[in-house]
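Single-structure report; data block below.
Taken together, the values in this text are just the output of simple stated rules run on the coordinates, not laboratory data. Keep in mind that what you see is a predicted model, and the values were worked out from it rather than measured. All Cβ positions, glycine included, derive from the backbone under ideal geometry; neighbour counts span all protein chains shown.
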Amino acid sequence: MDEAIGVGDEGGFAPPASQPHEYLDLVTEAAAEAGYCGRVVFGMDPASSEFFRNGKYDLGFKSGKSDELSPKQLMELYRTLLKKYPIILLEDPFAENDWDTWTEFNKECKVELVGDDLLVTNPEFVQKAHDKKSCNSMLLKINQIGTITEAIAASVLPWCTK
């Protein structure tokens, strides 16, 4: 790759790639070259709401070259990546309003499935996610809900009281 490495949203690693496996191959190779082969695991935040349009996920949205996947195809892509790479966390792998896909994927998800945009630290959404079994963890951010009291209410997760 001769193109420049960029900085993505929120300071993330943003090499010039178009497919998820290209990013993961790069960081896997970097870990191996640094002597950390087998000692590094990955967390991914695809921020899928950013590329969800009309019921499809367009992986080519930044390049302008459409690469649309159905929710089922995107689930399969994630399953393939989870088998091939040491991924232990997926944050926002599906759009914030794609509850059915979250729920379906979580049925067999063996990694931490983090609802950030899905839950937005909102107690109502946290309860809905629990009832539907849409994710198995959340990102708690006071600035999403507005008050410490509301954030505390959202943090009292039903699945943490076992």
message: If the elastic network links every pair of Cα atoms under 10 Å, which of GLY55, GLY43, GLY64 fluctuates the most in the Gaussian network model of the chain?
response: GLY64
- line: Any lysines whose Cα falls less than 25 Å from that of LYS107, other than same-chain ones fewer than 8 residues away, would be LYS56, LYS72, LYS83, LYS84, LYS128, LYS132, LYS133, LYS162
query: Where does helix 71-84 land angle-wise versus the long Cα axis of the chain, in degrees 0 to 90, nearest 10?
result: 60
statement: Output ordering of 113-119, 66-72, 45-51 (per-residue mean of other Cβ within 10 Å, highest first) is 113-119, 45-51, 66-72
Whole-percent pair-distance distribution, where bins are 5 Å wide, for the alpha carbons of region 42-160: 2, 12, 22, 22, 20, 13, 7, 3, 1
- request: Quick one: angle between helix 20-33 and the longest Cα principal axis of the chain, in degrees between 0 and 90, rounded to 10, please.
  value: 70
- prompt: Under the rule of -39500 (n - 2.57) per DSSP H run of 4 or more residues, summed and divided by the residues of the chain, what mean residue ellipticity at 222 nm is obtained, to the nearest 500 deg cm²/dmol?
  reply: -10500 deg cm²/dmol
- request: For the chain, find the longest principal axis of its Cα atoms and tell me its angle to the long axis of helix 123-132, 0 to 90°, nearest 10.
  value: 80
task: Compare the peptides 30-36, 83-89 by average per-residue count of other Cβ atoms within 10 angstrom and give them in order, highest first.
output: 83-89, 30-36
For peptides 133-141, 90-98, sequence by mean Cβ density within 10 Å, most packed first: 90-98, 133-141
